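Right, one structure below, let's go through it.
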């Protein structure tokens, strides 16, 4: 009998177990954060920011392998050296992780301000709604702006407005945040 394909949820849980086992500070971002705080959408990737060092690459790759996820030590070292992400493939599904090292101030902010969220039977470190809104505004695609609006509307009243505006200022997104606030008010959301 062929092996069952793994679900998105199972891949996220496997990634969490691997990173926790390797003792790497990390935070889930992207579609997972959007789904947790805004309007869920379909995705094939799991976005993760992690704060690892070159001397941890063997342990990290080994922890991923134990969970049925594949990445080489070389890919992890290259991601650090090039300040870029690497892809961690799930061997049992079409899903994958986009794993990025926490070298930018915004990535460090994401880890510092993470929210521990109970999701599908596991507690995950997830980028805060404030962080996610601002980063979506920074990236600025049509989908990013819709994601930011969905989070803003669903979390209104629970957002740390001071933190939101301060982070937007530091990211150069104050105008985009004002536009988002106006759009939400105009649309009566």
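Take the Cα gyration tensor of region 15-73, multiply each eigenvalue by 5, square-root it, and list the three semi-axes largest first, rounded to whole angstrom. Intermediate results must be reported in sequence, preceding the final value.
Details: eigenvalues 116, 29, 15 Å².
Sorted largest first and rounded, they come to 24, 12, 9 Å.
Once the Cα atoms are used to define both axes, helix 129-139 deviates from the longest principal axis of the chain by about 90 degrees.
Normalised by the number of residues in the chain, the mean separation of alpha-carbon contacts (under 8 Å, six or more apart) gives a relative contact order of 21 percent.
Using C-alpha pairs below 8 Å separated by at least 6 residues, the relative contact order for region 129-189 is 41 percent.
Mean residue ellipticity at 222 nm, helices only, the chain: -15500 deg cm²/dmol; runs of at least 4 DSSP H residues each add -39,500 (n - 2.57), and the sum is divided by the number of residues. Spin-label model, residue 20/residue 116: points 7 Å from Cα along the beta carbon direction are separated by 1.0 nm. Taking 103, 28, 37 as the candidate residues, the one with maximal mean-square fluctuation in a Gaussian network model of the chain, Cα springs under 10 Å, is 103.
If you take the alpha carbon radius of gyration of the chain and divide it by 2.2 N^0.38 Å, what ratio comes out, to two decimals?
Working: Rg = 17.0 Å, N = 189, 2.2 N^0.38 = 16.1 Å.
Ratio of Cα Rg to 2.2 N^0.38 Å: 1.06.
When the Gaussian network model of the chain links Cα atoms closer than 10 Å, the mean-square fluctuations of 173, 14, 81 top out at 81.
What FRET efficiency, computed as 1/(1 + (r/R0)^6) with R0 = 45 Å and r the Cβ-Cβ distance, is obtained for residue 161 and residue 44, rounded to the nearest 0.05? Intermediate values should be presented prior to the final figure.
On the way: r = 33 Å, r/R0 = 0.74.
The calculated FRET efficiency here is 0.85.
Extending 7 Å from the Cα toward the beta-carbon at both residue 174 and residue 103 defines two label points whose distance is 3.0 nm.
Between 0 and 90 degrees, the angle of helix 8-21 with respect to the longest Cα principal axis of the chain falls at about 70 degrees.
Quick one: angle between helix 57-66 and the longest Cα principal axis of the chain, in degrees between 0 and 90, rounded to 10, please. Its long axis makes an angle of about 80 degrees.
Could you list the residues of region 139-160 with an amide nitrogen less than 13 Å from a label point located 7 Å from the Cα of residue 184 in the Cα-to-C-beta direction? The answer is 146-160, whose backbone nitrogens lie closer than 13 Å to the label point. Take the chain, connect every pair of alpha-carbon atoms lying under 10 Å apart with a spring to form a Gaussian network, then pick out the residue of 104, 165, 62 with the largest mean-square fluctuation. The residue that fluctuates most here is 104.
Coordinate-derived values only; no laboratory data. Values in this document were obtained by computation on a predicted structure and should not be read as measured data. So basically every Cβ, Gly included, is an ideal-geometry build from the backbone, and we count neighbours across all protein chains shown.
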